[in-house]
Amino acid sequence: MNKAIAYILLLLCFNTSANDKFDNLLFLENNQQSPKADLSVVSWLEGHWRGEAFGGIIEEVWAPALGKSMMGAFKLVVNNEVQFYEIETISEEEDTLVFRLKHFHKNLKGWEEKDITVDFVLVKVTKNKVYFNGLTLEKISNNEINLYVAIEDNGNTTEEKFTYKRVKLN
């Protein structure tokens, strides 16, 4: 298994100088409020997506919006063996969006404590990008998306890019 996977820690809080450190990530500045938005700004995320990262295949599946939320699932497969899963949601809350996820080992035992989730609040929406605090979704085309996330490994924080292509189902 790739060493980076064992040390993934998604960053939740940054000061304002962090916005200058990364090309495709934004972070809420002091006293900044999340903008108003609804799920229509991420409706293009719906579908089945695959790419390559961490020496293996990454896969995400996003269901259409229902009940003011979108539900997604992620998995990483290296050498034909699942390394970990994530359950993800993007929810409408208080007139804005929140992206939440929870990590699971391949046996579905959680990484985070029972009542803990990794939360990314909305920072900004543009035509083809939706910026959450430390995580960005980018629509390249109807069949390609990028996801950028701040990842810490042994004290070094990097911006990781995941490129996905739409999987066409028969």
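Since every read-out is calculated from the coordinates, none of them should be taken as a lab result. In this text, all values refer to a predicted model and were calculated from it rather than measured experimentally. All Cβ positions, glycine included, derive from the backbone under ideal geometry; neighbour counts span all protein chains shown.
Points worth noting:
- Each Cα pair under 8 Å and six or more residues apart adds its sequence gap; the mean of these over the residue count of the chain is a relative contact order of 24 percent.
- Calculated on alpha-carbon atoms, Rg and Dmax of segment 102-141 in Å: 14.1, 39
- For segment 24-78, the set of trypsin sites (Lys or Arg not before Pro) satisfying both a DSSP loop assignment and a count of at most 13 other C-beta atoms within 10 Å is given as K36, K68.
- Whole-Hz Karplus values for segment 114-123 come out as 3, 9, 9, 10, 9, 10, 10, 7, 5, 10 Hz, taken residue by residue from phi with 6.51 cos²θ - 1.76 cosθ + 1.60 and θ = phi - 60°; glycine and proline positions read x.
- Think of segment 37-170 as a dipole: +1 on every Lys or Arg Cβ, -1 on every Asp or Glu Cβ, centred on the Cα centre; then among G67, V82, G155, V82 lies furthest on the positive end.
- Working from label points 7 Å from Cα in the Cα-to-Cβ sense, the T158 to H105 distance is 2.5 nm.
- Those GluC sites (Glu not before Pro) in segment 65-170 that DSSP places in a loop and that have at most 15 other beta carbons within 10 Å: E94, E112, E113
- The chain, helix-only ellipticity at 222 nm - DSSP H runs n ≥ 4, -39,500 (n - 2.57), divided by all residues, nearest 500: -500 deg cm²/dmol
- Full extension of the chain between N24 and V61 gives 11.1 nm of extra length, using 0.36 nm per residue less the Cα-Cα distance.
- Within a straight-line Cα-Cα reach of under 23 Å, K109 can be paired with the following lysines, leaving aside sequence neighbours fewer than 8 residues apart in one chain: K3, K75.
- Put a plus charge on the Cβ of each Lys and Arg, a minus charge on the Cβ of each Asp and Glu, and nothing anywhere else: the dipole of the chain about its Cα centre is then about 500 debye.
- Segment 55-69-segment 143-160 distance, computed between alpha-carbon centres (Å): 18 Å
- Bridging of K106 to aspartates and glutamates at a Cα separation below 17 Å is possible for E59, E60, E81, E86, E88, once same-chain residues fewer than 8 apart are set aside.
- Label-reachable residues, segment 85-111, where backbone N falls under 13 Å from a point 7 Å from V167's Cα toward its Cβ: none
- Correct option for Rg and Dmax of the Cα atoms in Å [calculated from the coordinates] among [x] 15.5, 48; [y] 18.9, 60; [z] 15.9, 53: [x]
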